[in-house]
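Written out below as C-alpha cells is the structure these notes cover.
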Amino acid sequence: MTTSCAMSHDAHWAARYADRIATAEQAIARLRPGQRVFVGTGCAQPLALVRAMAARPDLVDTEVVHLLTLGDAPYANRELAEKFRVNSFFIAANVRGIIQEGLGDYTPISLSDIPRLFSEGRLPLDAALIQVTPPDAHGRCSLGISVDIVKSAAENARLVIAQVNPCMPRTLGNSFLHVDDLDMLVPVDEPLVEYSPPAPDDVTRRIGEFVAALIEDRSTVELGIGGIPQALAGFLKTKRDLGIHTEMFTDSIIDLVESGAVTGAYKTQDRGRVVASFCLGTRRLYEYLHDNPKFAFHPTEYVNDIEVIGRQYKQVAVNVALEVDLTGQVCADSLGSRFYSGIGGQLDFNRGAARSDGGRAIIALRSTAETPAGRVSRIVTRLSPGAGVVTTRGDVHYVVTEHGVAYLHGKSIQERAIALISIAHPDFRAQLLREAVEAKYLRPEMKDFEGRIVIGPPQFRTSMVLEDGTQVTFRPIHPTDEPRMRELFYALSQETIYYRFMTRTHHIPRREFQDYVFINHRSDVAIVATLPAAYGEEIIAIGRYYLDETTNFAEVAFVVRDDWQNRGIGTFLLQHLETIAKRNGIAGFTAEVLKDNRAMQRVFAKSHHRVTATPAEDVISFRIEFR
C-alpha cells in the first residue's frame, strides 16, 4: 500500500500539529534507560519506531512489552539481550527464539485481562510506540487494523509516540484516539506489514469441514489464529446469515462477506457488523476495511469480555491447541516446557460461547505432529512434562481432529477417553487405549477392544425428512454411543425387543453394548438414526449388518424405537445399508424375521432387489440379492 491509495485525512494536519512532529530518532530520544515500552500489535507494528529504538546505543535495561507482532523485532536479538528484555503476552516467530533460550520472557494471561494490567498500574507503561492514521478534520486518529490492547496502552502510558502513516486504513468503531492524546507524531509513509496464512492442506481442510458441520446458520463465529480456523472459512460460504464477533480475522473475511454468508443480521449485539479487535492481512484487506461501515474495531476489553460474548445468540468459538490429554485438558501455549504461543483469547471465547444460547466452544488440532524424534500424537494420555493448561478439563466442550469430533462437556473420564482415542490418529489408538487402562481411566476389560476403536467413514452419513418435516440424521455408530444405545434399548417395548432379539429380556450385558459400538465398519457396519437433543443427540433407531466372508452375504437387522415406528425410518435404514454394502462389494443380505413381525416383513418386501422369503417353523428367512 502506498500513498497512491492514501486514506482520507486532514490534508493540513502536519502544519496544524507541527510542534509535535519529529523524526523517529528524535522521538525515540525521549525514552530513558530502565523504562517499560509497549510496542503496537500485529501488522500495525510501528517498524520505523522499533528500528530507531533498537539502534539507540545508550538505551539499556529496557523492557519491551507487546502482544503478537509480525514485523521485524531487532530488539529480540541475542547480542542486544543486555539492553532489551522482551516480555510478550503472545509469542510470535519473531521473538520465539529469544524467549525459548531464556533471554526473553512470556507473561501468560487471557487477552481480556491485559488492559487492566495497564489501567490499574500493575504493569505501568512508561511509553507506548503505536501506529495510527493521520488525524481527520476533528483531530481523530484511527488505530486502524490493531485496536486490541493498543488503545488501553496508549491511554495509560506516560509517553505516547505515534507513527502516523497514510497507509493505515481508517477503521470504524471504538478505534479512535484524539491527536491531543499523542505526545509525538512521526510521519512515516510506508506499506504496512502484510500477512498471508499458509494454504490449507488436506488435513486442515478435513478439520475445517468437521468444524463447519457444527456451525449452524445464523450463528455468530469467532475464528482464532492459525491455519485451521482459516481453512474453516472456505467451508462457511454455504452458510446463511452468519455473524462475526472475533478477536481477529484475515483476508478470508472478504469472501465470506461478499458471498453473502456473513450478514450479521441475527447478531444479538452489533447487528449487521463484523466485530474484531485486530486483523492480520494483505493490502487487499486493508483497502477493503477503509471507512467500511460493515466493520467495527473495538478494544480487547469489549471484544473479549465473556459476558459480551455470552450475550450473542449461537456464539461459536473456534480455537486451536497443541496437545489434548485424555481427560480433556487443553495445552495451547507451550510444547512441553518450551513456550510457543500464548493463551490469547481462547479461554475468553471458550467460556463466552459456552454461556451463549445455542453456542458452541470448539478446540481444533491436527491429530499428529512431526518432531525431530519422529511423528507423535497430539492426543495424549498425559500432557507433556511442563505443558500448561489453557482450557481446563471442566471448560472443554468440542475437540475436533481430521478424524472426527469428540464432545466432552459433562462427560465422565471414561467417556472422554474413548471419545478422544476415537479421533486420535489410527496409528496411536491402540497405544492410547493401553495407557488409558493403565492410568485407570478405562475399565480393565477395555483392553479387549484394542484395534477396534474405529470411526465410520463420513460418506456413510445421510439424512431424511419425515412427512411432518422432522429431519433424521443417519451416521455410523461411534464408540461413545454406548450410553445412547442403552437408552435406546430401555426405551423399547417388550414386543419390539422380542421381535428384534427373538427373546424376552429386560437386560443386555454391558459387554454386548460394547460389541455394538466397537466395530470395524467394513465387514461389520452399524448405522444409527439420530435426532438433536439438548446436549448432543438421541438415537431412535439402529441398523446393522455382519458379513459372512464365506458367502459374501451379510446378515442384516435393525430396530426402531416404538414412538418412531411406521414412519419410513426402517425402510430408509435398509436402503442406506444396501447402498453401503454394494459399495463394499457385498452380494446381498440375509435376515431372520419372526412370522408375527409383519412390519419388518413389509420392509424387506419393499426392497428393489430380488427378494426370496423362505418360511420355517417360527421365522421367515429372507435373502436379498443385489442387482
The Kirkwood hydrodynamic radius of the range 360-476, taken as the inverse of the mean 1/r over all distinct Cα pairs, in Å, comes to 15.9 Å
Add +1 for every Lys or Arg and -1 for every Asp or Glu among the other residues with Cβ under 12 Å from the Cβ of Glu101, and state the total.
+2
Where Lys and Arg each count +1 and Asp and Glu each count -1, what net charge lies around Arg416 among other residues with Cβ under 12 Å from its Cβ?
0
Per residue, how much space in cubic angstrom lies within the convex hull of the C-alpha atoms of the range 458-625?
124 Å³
What does the charge count near Phe474 come to, summing +1 for each Lys or Arg and -1 for each Asp or Glu among other residues with Cβ under 12 Å from its Cβ?
+1
Dividing the mean separation of Cα pairs under 8 Å (6+ apart) by the residue count of the chain yields a relative contact order in percent of 9 percent
What percent of all Cα-Cα pairs in the range 202-449 falls in each 5 Å bin, counting up from 0?
1, 7, 14, 18, 19, 15, 11, 7, 5, 2, 1, 0, 0
Quick one: the Cα spread of the range 3-187 along its three principal axes, in angstroms, biggest first?
47, 35, 32
For the cross-link pairs Lys314/Lys411; Lys582/Lys606; Lys447/Lys582; Lys267/Lys411, which exceed 27 Å when the distance is taken from alpha carbon to alpha carbon?
Lys447/Lys582; Lys267/Lys411
How large is the Kirkwood hydrodynamic radius of the chain, in angstrom, based on all distinct alpha carbon pairs?
27.2 Å
Please report how far the C-alpha centroid of the range 204-231 lies from that of the range 301-334, rounded to the nearest whole angstrom.
13 Å
Shape of the range 97-244 from its Cα gyration tensor (a ≥ b ≥ c, root eigenvalues): rounded if a/c is under 1.5, otherwise prolate when a/b > b/c, or oblate?
prolate
Listed peptides 180-188, 43-51, 553-561, 97-105 by packing density, highest first (mean Cβ within 10 Å):
43-51, 553-561, 180-188, 97-105
Percent antiparallel among DSSP beta bridges (both partners in the range 202-449, rounded to 5):
35 percent
I need the shape label for the range 470-519. Rule: rounded when a/c is under 1.5, else prolate if a/b > b/c, else oblate, with a, b, c from the alpha carbon gyration tensor.
oblate
Name the residue farthest towards the positive end of the dipole of the range 420-571 from the options Ile527, Val472, Val517, assuming +1 on Cβ of Lys and Arg, -1 on Cβ of Asp and Glu, about the Cα centre.
Val517
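Rule-based calculations on the coordinates, nothing more; no lab input. These numbers were taken from a predicted model, which means no experiment stands behind them. Cβ coordinates were reconstructed from backbone atoms using ideal geometry, including for glycine residues, and neighbour counts include every protein chain displayed.
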